[in-house]
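Here's the structure, in structure tokens; my notes come after.
FYI, it's all coordinate maths here, none of it is from the lab. Predicted model, so just to flag it, every value in this text is computed and none were measured. Every residue, glycine as well, gets a Cβ built from its backbone with ideal geometry; the counts of neighbours run over all protein chains shown.
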Amino acid sequence: MTAPERPALLVYTRTTDYRHDSLAAGVAALRGLGVFDVDATEDPALFERPLDRYAAVVFLSTSGEVLTPAGRERLAAYVEAGGGFAGVHAAACTEYDWPYYGELLGARFDRHPAYQPGRAVVEDHDHPATRHLPAVWEFTDEWYDFRSSPRPAARVLVRADESSYEGGGMGPDHPLAWCRDQGAGRVFYTALGHAAEAYEDPAFLAHLRGGIGWAARAGERVSPGGGTP
């Protein structure tokens with residue numbers, strides 16, 4: 001009996017602005033989950049080619065403008081036709097000049113306070129990214145503020161408790177992780193994942209596995225463009 005085929009991910013780590021030291025740790029962690037076949041790249045030309053073999057594209061702490069015009073068109077068509085997209089941390093600091101990307105992700109980065117411990121509150125436990133988490137999740141990160149809330153276009157999974165750290169700027173409604181549909185595709189985003197240490201945290205790794213797996217329709221075998229392979 002052959003082992004089931006693992007979903008393939010295209011993990012993109014190109015940066016043209018701030019570059020996180022945790023990128024190598026993040027790629028290694030996704031590979032180490034053992035549930036995805038991971039192709040990691042910083043080459044924008046790959047987005048000018050068909051993406052259909054991938055169950056999801058993951059922007060892992062990308063920053064700045066990272067796609068060519070042709071790559072933008074290809075990525076948008078891929079998601080609209082049913083491909084998965086996941087953004088981690090600085091993915092929200094990416095493609096500010098492309099309006100579609102802001103709609104796709106659900107919100108854009110504004111600012112962040114100092115890296116520090118705080119509390120994340122799980123709003124929705126009925127999702128693979130959060131089922132394993134406690135109601136209040138102690139974590140250390142940058143606690144991103146966004147220019148606007150992704151509500152109501154997104155299903156918010158986790159929010160920040162600004163009373164638990166210094167410098168929050170969004171108030172009581174401060175989403176940190178969410179998911180949404182875009183065309184026939186699925187989108188997952190988490191603002192967490194600044195430091196390399198995050199990618200050694202079992203709870204955070206399960207958060208990524210669940211969120212990315214949901215976007216990739218892991219186990220559902222739905223291929224971009226509709227239908228099943």
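When +1 charges are put on Lys and Arg Cβ atoms and -1 charges on Asp and Glu Cβ atoms, the dipole computed for the chain relative to its Cα centre reaches about 600 debye.
Remark on G106: its backbone amide H falls under 5 Å from none of the residues 5 or more positions apart or on other chains, H modelled at 1.01 Å from N. Over the C-alpha atoms of segment 127-181, the Rg to Rh ratio, Rh being the Kirkwood estimate, stands at 0.95.
Convex hull volume per residue, computed on the Cα atoms of segment 53-208, equals 111 Å³.
Count charges around L104 for me, please; just the other residues with Cβ under 10 Å from its Cβ, Lys/Arg as +1, Asp/Glu as -1.
Working: positive: R180; negative: E80, E95, E103.
The answer is -2.
Most simply put, segment 1-156 has about 35% antiparallel DSSP beta bridges, counting only bridges with both residues inside it.
Once the convex hull of the C-alpha atoms of segment 75-121 is built, how many Å³ does it hold per residue, rounded to a whole number? Walk me through the intermediate numbers first.
Details: hull volume 4.8 nm³, N = 47.
Spread over its residues, the Cα hull of segment 75-121 gives 102 Å³ apiece.
Peptides 65-77, 125-137 ranked from most to least packed give 65-77, 125-137, packing being the mean of other C-beta atoms within 10 angstrom over each peptide's residues. Here segment 1-139 yields Rg over Rh of 0.98, to two decimals, using C-alpha coordinates and the Kirkwood radius. For segment 27-72, the calculated P(r) over all alpha carbon pairs, in 10 Å bins from 0 to the bin holding the longest distance, is 22, 54, 23, 1 percent.
Centre-to-centre, using Cα atoms only, segment 1-59 and segment 186-217 are separated by 13 Å. Treating each Cα of segment 1-78 as one equal point scatterer and applying the Debye formula with no solvent, the log10 of I(q)/I(0) at q = 0.15, 0.19, 0.23 Å⁻¹ comes out as -0.54, -0.82, -1.10.
Phi angles across segment 90-105 convert, under the Karplus curve 6.51 cos²θ - 1.76 cosθ + 1.60 with θ = phi - 60°, into 3J(HN,Hα) values of 6, 4, 7, 9, 10, 6, 4, 8, 10, x, 4, 5, x, 5, 4, 6 Hz, Gly and Pro given as x.
Once backbone amide H atoms are built at 1.01 Å from N, H174 has A160 as its partners under 5 Å, excluding neighbours fewer than 5 places away on the same chain. For segment 81-164, the convex hull drawn through the C-alpha positions has a volume of 115 cubic angstrom per residue.
If you line up the long axis of helix 69-80 against the longest principal axis of the chain, both from Cα atoms, how many degrees apart are they, to the nearest 10? The angle comes out at about 90 degrees.
Would you tally the net charge around F59, using a Cβ to Cβ cut-off of less than 12 Å, leaving F59 out, and scoring K and R as +1, D and E as -1? Please report the intermediate quantities before stating the final value.
Details: positive: R14; negative: E42, E95.
Residues close to F59 contribute a combined charge of -1.
Here the 3J(HN,Hα) profile of segment 154-169, calculated from phi with Karplus coefficients 6.51, -1.76 and 1.60 at θ = phi - 60°, is 10, 8, 6, 9, 9, 10, 8, 9, 5, 6, 9, 8, 9, x, x, x Hz, Gly and Pro shown as x.
In segment 84-229, the DSSP beta bridges split such that about 80 percent are antiparallel, to the nearest 5. A DSSP coil position with no more than 13 other Cβ atoms inside 10 Å describes the following chymotrypsin sites (Phe, Trp or Tyr not before Pro) in segment 1-62: Y18.
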